[in-house]
Each structure stands twice: as structure tokens, then as C-alpha cells.
Amino acid sequence: MENNILVVGSLNMDLNTKVKTLPGKGETVFGEHFYTVPGGKGLNQAVSASRSGGNTWILGKIGNDYYGKLILEQLEKSGLNTELIKMEENTETGKAVINVDERGNNTIVVIPGANSKLSIKDIDDNIKIFNKMDSILLQIEIPKTVVFHTIEKTYDLKQTNIILDPTPVTEIPDNIYKKLDIITPNLTEAEQLSGYKVKNQNDYKKVSRFFINKGVKNVLLTIGDKGVFVKNKDIEQLIKGVKVKSTDSTAAGDCFVGAFASRYTGNNLIEAVEFANYAAALSTTKKGAVSSLPNKIEIFNFRGGQQNE
Ligand code: RIB
């Protein structure tokens, strides 16, 4: 049976450049290519969940402008349920300016636009749909008060998994940590939230324990091509990265979360992480955000022919 997944989060139009080397401070460089692709951490998670087999909705806002209409148009054939995307009048659609270098590394500047207009009322007006969800996915490119309110409301429903990707980093209150089933920070985010420095593999445990001590049930610490460190009260396990020739890491973290949610049933944590690990690795072999996200068949085929590193 397909998991029902609701992503509450951002939708952006990504304005991408491909450059040999990322420009330094005060530097001008020539780019090789420019392209626009729908993105935003919320939309990427939602498309990833949908393509990898989840019955998925996104609750978020776009502007009533050229990019907003283009995003909706491009999502029409995606299989994602788009009826909870609202167009905000007199507001620009969120945008991200992304530079990607020849190794696939990137820098991202986000202009929130309509994402910043998502309100507590928007959550409360749609609260009925929360009841039928297996998981709610959140990131923090929408107002953090809305993220925290959504977590509080969802927690009251009891049977729904709450998954938070704490990006971009913001301080998270203790009463919110306690309500999370799963948190998915990358190393930098984990360091910033915990105040610890991660120098080697032993520190993965220490930094993950910070979140467990705060009351989070499961920590999925994403460590780029090194894989994912999984920690809860019974498990402490590194799921190694999958080797690929990476061309663009944009949205790999979002891909991981969406693919994970599409598989996770509550008692298959490691299996769902392994599946998502393959999905995320595969996404780095293609350029752009939504354009790079693999579907279930691609992930299974890839997994069939690949071993973890
Ligand atoms: O995580 C990648 C995403 O970050 C991009 O799609 C961009 O829109 C920013 O939100």
C-alpha cells in the first residue's frame, strides 16, 4: 500500500548556472550554462516522495506570476497532488540562485517570496487532510512559526510520523524536538544545532545523541557521499554511501527525505534509509532540483546493479 505523505514547505524557481569554479568574493567568472528548474526544499521532497512511490501532497504558496504559473504547469504531469498549492496575489514566487561547479558542489541564495506568506491559518484551514497522512515532512524555508505550529498540530493526531529536515538552520525549541519522530540534519546543520564539532566518525554518535537527548525518536545524520548515520534508542549504524559520478548535488538531501518517507512504515527504518540512500546518490548524477529526482523503477534498477561503498 502507498504511504500518504504531506509536505508542508517551500516552492521555488531555481535559476541555475554551471561554472568551472565557484566565484570568490569580488570575483567575476564566466558560466558555461544557465537553466531554470522548479525547486525549493519542500517541492523537491514532495516530488521525490511522489516519484518514489508515495501518494503525496504539498501545502505551500507560489506567486501569481510567470514563474508561479510555470511551476504549476510543469507539475501537472508529475503525479504530485497540487490542489493544496495556493497562488498569492501581488507576491513574487520564491526563487533560488544556484551556482554549480564542475565537481557538483553548489552555493545557493534563496529569495523566499510567496513562501514567507504561508500562515498558521493556511495550516488550520487544511487540518482535515492531516488525519489521513502517514507522514508529514517539513523544512524551514517557510516561516518557522508555521513549521512549529504544524508540528504541534500533527503531534496531537498521534498516528502521523513527523519528519523535520532542519534546513536552513534555526533554533528549535525543546518542546518541538520532543515531538519529532525523525530529524534529518546534515553534518553542518547538526554541528550548528548542537554546538559540537564533528571531526571524525566517533563524533557522529555524539552529535546524534544530542538530538536523542532532546527527545527526538530517530536521527538520520546525512554525511554526503559517506552515507547516513542512523541513531535511535536501539540502533547506532552507519549506512555507507553509494558510489556514483556526481555532477550536481542540488536537492540530494531533499531527495533522500522524500524517498525515505515514501518507504517508511514505522518498523523498517534501515531498509527505508538504504532505499533513500540510493535515490539520493542517483539524484546527484543529473543536473537541477526537481529535474534530478529519480522514480521508483530507476531507484530499484540502480540498486540492483550497485553495492553500498
Ligand atoms: O535543497 C535544494 C533547494 O534549496 C533548491 O531547489 C533551492 O530552491 C533551495 O530551496
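The values are calculated or read from the model by the stated rules, or taken from the named source; none is laboratory data. In this text, all values refer to a predicted model and were calculated from it rather than measured experimentally. Reconstructed Cβ throughout: ideal geometry from the backbone, glycine too, with neighbour counts over all protein chains shown. Ligands, DNA and RNA are excluded from the accessible area calculation, which covers all protein heavy atoms including side chains. Shrake-Rupley method; radii C 1.70, N 1.55, O 1.52, S 1.80 Å.
Taking the 1.4 Å solvent-accessible surface of the chain as the whole, the part contributed by carbon and sulfur is 49%. Please give the net charge around Tyr196, taking every other residue with its beta carbon less than 10 angstrom from that of Tyr196, where Lys and Arg add +1 and Asp and Glu add -1. Taking every other residue near Tyr196 into account, the sum is +2. Quick check for me: using +1 on Lys/Arg Cβ and -1 on Asp/Glu Cβ, what's the dipole size of region 154-309 about its Cα centre, in debye to the nearest 20? My answer is approximately 260 debye. Within the shell defined by Cβ-Cβ distances under 9 Å, the residues around Val37 carry a net charge of 0, with Lys and Arg each +1 and Asp and Glu each -1. Taken per residue, the accessible surface of the chain reaches 45 Å², heavy atoms only and a 1.4 Å probe. Each residue of region 89-101 was assigned a 3J(HN,Hα) from its phi angle through the Karplus expression (A = 6.51, B = -1.76, C = 1.60, θ = phi - 60°), giving 5, 6, 9, 7, 5, x, 9, 10, 9, 10, 10, 10, 8 Hz with x at Gly and Pro. In this structure the amide hydrogen of Glu92, modeled in the peptide plane, comes within under 5 Å of the amide hydrogens of Ala114, none closer than 5 places in sequence on its chain.
Which lysines does Lys206 reach when only Cα atoms under 25 Å apart count, and residues fewer than 8 places away in its own chain are ignored? The qualifying lysines are Lys178, Lys179, Lys197, Lys214, Lys217, Lys226, Lys231, Lys233, Lys240. Basic side chains Lys and Arg get +1 at the Cβ, acidic Asp and Glu get -1 at the Cβ, and with that the dipole of region 34-130 about its Cα centre reaches some 220 debye.
Measuring against 19 Å, Cα to Cα, the residue pairs Lys41/Lys158; Lys144/Lys286; Lys20/Lys287 contain Lys41/Lys158; Lys144/Lys286 as the ones spanning a longer distance. Ranking Leu70, Gly288, Ile299 by how far each Cα lies toward the positive end of the dipole of the chain (charges on Cβ) leaves Ile299 at the top. Legend: calculated FRET efficiency, Lys206 to Lys121, from the Cβ-Cβ distance at R0 = 41 Å, rounded to 0.05, equals 0.50. Beta bridges from DSSP with both residues in the chain: antiparallel share about 45 percent, rounded to the nearest 5. Residue-wise HN-Hα couplings along region 241-253, as the Karplus relation 6.51 cos²θ - 1.76 cosθ + 1.60 with θ = phi - 60° gives them from phi, are x, 9, 6, 9, 8, 7, 10, 7, 8, 4, 6, 4, x Hz; Gly and Pro carry x. Peptides 173-186, 277-290, 68-81, 43-56 ranked from most to least packed give 43-56, 277-290, 173-186, 68-81, packing being the mean of other C-beta atoms within 10 angstrom over each peptide's residues. How many angstrom lie between the C-alpha centres of region 106-147 and region 244-309? First find each Cα centre; the distance between them is then 23 Å.
Counting charges near Thr56 (Lys, Arg +1; Asp, Glu -1) among other residues having Cβ under 11 Å from its Cβ returns a value of -1. Per-residue 3J(HN,Hα) values for region 279-288, derived from phi via the Karplus relation 6.51 cos²θ - 1.76 cosθ + 1.60 with θ = phi - 60°, read 4, 5, 4, 4, 5, 6, 8, 10, 8, x Hz in sequence order (x marks Gly and Pro). Straight-line cross-link partners of Lys18 among the aspartates and glutamates, defined as a Cα under 16 Å from its Cα and at least 8 positions apart when in the same chain: Glu27, Glu32, Asp101, Glu102, Asp248.
The overall shape of region 31-87, judged from the alpha-carbon gyration tensor, is oblate: a/c is not under 1.5, and a/b is no greater than b/c.
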